[in-house]
Amino acid sequence: MRYRSTSGKAPLTSLRGATLRGLAPDGGLYLPVEIARHTPEELEEFRRLPFTEVCFRVVRPFATPDVPEEVLWQIVAEAINFPVKLVSLSPALHILELFHGPTLAFKDFGARFMARLMGYFVRGEERQLTVLVATSGDTGSAVAHGFLRVPGIRVVILYPSKRISEAQEKQFTTLGENITALEISGTFDDCQRLVKQAFADEALNQRAFLTSANSINVARLLPQMFYHVAAYRQLPVASVPLIVSVPSGNFGNLTAGLFAKRLGLPVSRFIAATNANDAVPRYLLSGEYKPKEAVATYSNAMDVGNPNNFPRLLDLCRNRIENVRKEIWGQSATDEETLQQMHYVWDRFRYISDPHTAVGIHAWEAYRKEHPEPSQGLVLATAHPAKFAEIVQKGIGIAPPLPSRLAEYLNRPKLSLPMTTNYDDFKQFLLAH
Ligand SMILES: *Cc1c(COP(=O)(O)O)cnc(C)c1O
């Protein structure tokens, strides 16, 4: 597969090129030049074959010829070593739990796959590869764990000081080894800007071998198709349209959903479910894209003012608002609505949802009110409720049970380095270490 830039001015590249560069040299984002549909017979087979085999078949066209089949098989098998669970709360409301990986959030899919793919691509390189990642919460831990002890690679994580939960912070600031966490005195958008500036800095790139692990990296999006297939395997066959509600921040998750739909999976529409950082739902209503500064909310992994996958989303819809509206419906939730939704699903179904998932359920309920014709909703559950215990407690009055792998981290000392939002400080750090 060849990859093209959404800005259209960079040469086509291979998966290796797209993965190691992250951002295209023209400032655009890489997309596969084509996404081939699977036949109905192939899709039917997806229901029967072992999951690893299905993931392998889904990703193979995107990785050929860069990655030999046996290597790709191993990457898939090692990366996706945890289950995707479907919980049906009612015939019309299904929750797809994507948080059964090591860091209890859906980002494990992308990060574990990308880390192994990059590890393969840098074998035999002389220079150490530095992976830069800005995180508003869960990316940091998923990426840190994905890359921990991968030879030839170090990871530098930037995160906004005091804007993420302690559980999130401890998961990536306590690891040490090839993982460094920088605690930035600013917002997530500041972190993202510093990372973008580093990639655009030619002098720096000549001296350091940099790449990105944010969802701008196409290698993170590819494995996010897998769980759409997992849903397809587990959902009861129904004649009503399937609506997939995606709790969204940088819109990588929703972009991967569009990939999966282009493969032929039967999704009628996606819902862009956001918190108060609602640039995309506002765009869908008004036709104008007006990003704003990020504001802090209870679903902090989605506190993104200017979603970095927006150009991909537009491109996949041929840059026409009518097409975007056909495929995506938008809805935002306030913090109050998020709490109410958590309370409602607990009260009604005895199901504990984390605040991000609650934003997704809220959006599905809003969709259903506006579209009373029969349909079934699939809400992507992006994080385990224990990662946001304080907010969950606020919503339902009890604390969610703490899984042991999360409890372990809370007792370890934080090893992060404080840093300002000044680009020169950051650059000096990268060059000095
Ligand atoms: C990252 C994240 C999201 C948002 O995903 P995007 O791909 O950035 O839209 C939602 N929920 C949780 C828990 C996350 O960590």
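Apart from one condition, Val267 fits all of (1) within 11 Å of the ligand (Cβ to nearest atom); (2) in contact with a strand residue (DSSP E or B) (Cβ under 9 Å, 6 or more places away or on another chain); (3) modelled with pLDDT of 95 or more; the exception is (1). Scanning segment 220-248 for residues that are of a type in the set (Phe, Trp, Tyr) and more than 16 Å from the chain's Cα centre (by Cα) returns a single hit, Tyr232.
One residue stands out among those in segment 37-96 that are of a type outside the set (A, V, I, L, M, F, W, C) and touching a Leu at 6+ places or on another chain (Cβ under 7 Å): the one that is surrounded by the most Cβ atoms within 10 Å (Cβ to Cβ), which is His94.
Taken together, the residues in segment 13-39 that are closer than 24 Å to Leu132 by Cβ and without any contact (Cβ under 8 Å) to a residue 60 or more places away in the chain amount to 6.
Take the conditions surrounded by fewer than 15 Cβ atoms within 10 Å (Cβ to Cβ), within 26 Å of Asn308 (Cα to Cα) and touching a Gly at 6+ places or on another chain (Cβ under 9 Å) and apply them to Gly28. Does it pass? Here the answer is no, as Gly28 does not meet what is asked.
Is it fair to say Asn308 is polar (S, T, N, Q), closer than 25 Å to Val267 by Cα and assigned to a helix (DSSP H, G or I)? No.
Among the residues making up segment 95-154, a single one is at negative phi and without any contact (Cβ under 8 Å) to a residue 12 or more places away in the chain: Glu126. Selection within segment 68-105: residues that are assigned to a strand (DSSP E or B) and touching a Ser or Thr at 6+ places or on another chain (Cβ under 8 Å). The member of this set that is farthest from the ligand (Cβ to nearest atom) is His94.
Here's the yes/no breakdown for (1) under 24 Å from Ala383 (Cβ atoms); (2) in contact with a Pro (Cβ under 8 Å, 6 or more places away or on another chain):
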position: Leu254; (1), (2): yes, no
position: Leu258; (1), (2): yes, no
position: Arg262; (1), (2): no, no
position: Arg269; (1), (2): yes, yes
position: Ala272; (1), (2): yes, yes
position: Leu285; (1), (2): no, no
position: Glu288; (1), (2): no, no
position: Ala296; (1), (2): yes, no
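The number of residues in segment 242-263 being in contact with a Lys or Arg (Cβ under 7 Å, 6 or more places away or on another chain) and either within 10 Å of the ligand (Cβ to nearest atom) or acidic (Asp, Glu) (or both) comes to 2.
Condition check ((1) aliphatic (A, V, I, L, M); (2) touching an Asp or Glu at 6+ places or on another chain (Cβ under 8 Å); (3) on the phi < 0 side of the Ramachandran plot) across all residues:
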{"position": "Pro241", "(1), (2), (3)": "no, no, yes"}
{"position": "Val244", "(1), (2), (3)": "yes, no, yes"}
{"position": "Phe251", "(1), (2), (3)": "no, no, no"}
{"position": "Phe259", "(1), (2), (3)": "no, no, yes"}
{"position": "Leu265", "(1), (2), (3)": "yes, no, yes"}
{"position": "Asn277", "(1), (2), (3)": "no, yes, yes"}
{"position": "Val280", "(1), (2), (3)": "yes, no, yes"}
{"position": "Leu284", "(1), (2), (3)": "yes, no, yes"}
{"position": "Gly287", "(1), (2), (3)": "no, no, no"}
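Of the residues examined, Leu285 is one that is away from the ligand (no atom under 14 Å from the Cβ), in a helix (DSSP H, G or I) and of a type in the set (A, V, I, L, M, F, W, C). Take Tyr298 and decide whether it is within 14 Å of the ligand (Cβ to nearest atom), in contact with a Leu (Cβ under 9 Å, 6 or more places away or on another chain), of a type in the set (Phe, Trp, Tyr) and touching a residue at least 60 places away in the same chain (Cβ under 8 Å). For Tyr298, the condition - within 14 Å of the ligand (Cβ to nearest atom), in contact with a Leu (Cβ under 9 Å, 6 or more places away or on another chain), of a type in the set (Phe, Trp, Tyr) and touching a residue at least 60 places away in the same chain (Cβ under 8 Å) - is met.
A single member of Lys85, Lys170 is under 18 Å from the mean Cα position of the chain (by Cα) and of a type in the set (Lys, Arg), and it is Lys85. Does segment 99-118 include one or more residues that are under 18 Å from His356 (Cα atoms) and in contact with a strand residue (DSSP E or B) (Cβ under 6 Å, 6 or more places away or on another chain)? Yes, some residue in segment 99-118 is under 18 Å from His356 (Cα atoms) and in contact with a strand residue (DSSP E or B) (Cβ under 6 Å, 6 or more places away or on another chain).
Among the residues of segment 131-188, those that are more than 15 Å from the ligand (Cβ to nearest atom), under 30 Å from Ala77 (Cβ atoms) and of a type in the set (D, E, K, R) comprise Arg149, Arg154, Lys170, Glu177.
Conditions (1) more than 12 Å from the ligand (Cβ to nearest atom); (2) free of Cβ contacts under 8 Å to residues at least 12 places away in the same chain; (3) surrounded by fewer than 21 Cβ atoms within 10 Å (Cβ to Cβ); (4) closer than 20 Å to Gly360 by Cβ, marked per residue:
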site	(1), (2), (3), (4)
Lys290	yes, yes, yes, no
Asp303	no, no, no, yes
Pro307	no, no, no, yes
Leu313	no, no, no, yes
Ile321	yes, no, yes, no
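Of all residues in segment 219-241, none satisfies the criterion of being among the small types (Gly, Ala, Ser) and within 13 Å of the ligand (Cβ to nearest atom).
Considering every residue within segment 106-123, establish whether at least one is of a type in the set (A, V, I, L, M, F, W, C), within 16 Å of the ligand (Cβ to nearest atom) and modelled with pLDDT under 90. No, there is no match, as no residue in segment 106-123 is of a type in the set (A, V, I, L, M, F, W, C), within 16 Å of the ligand (Cβ to nearest atom) and modelled with pLDDT under 90. Residue count for segment 371-390, restricted to those that are free of Cβ contacts under 8 Å to residues at least 40 places away in the same chain and either within 11 Å of the ligand (Cβ to nearest atom) or of a type in the set (Asp, Glu) (or both): 2.
The values are calculated or read from the model by the stated rules, or taken from the named source; none is laboratory data. Every value quoted in this text rests on a predicted model; they were computed, and no experiment measured them. Don't worry about glycine lacking a Cβ; one is built from the backbone with ideal geometry, like all the others, and counts go over all protein chains shown.
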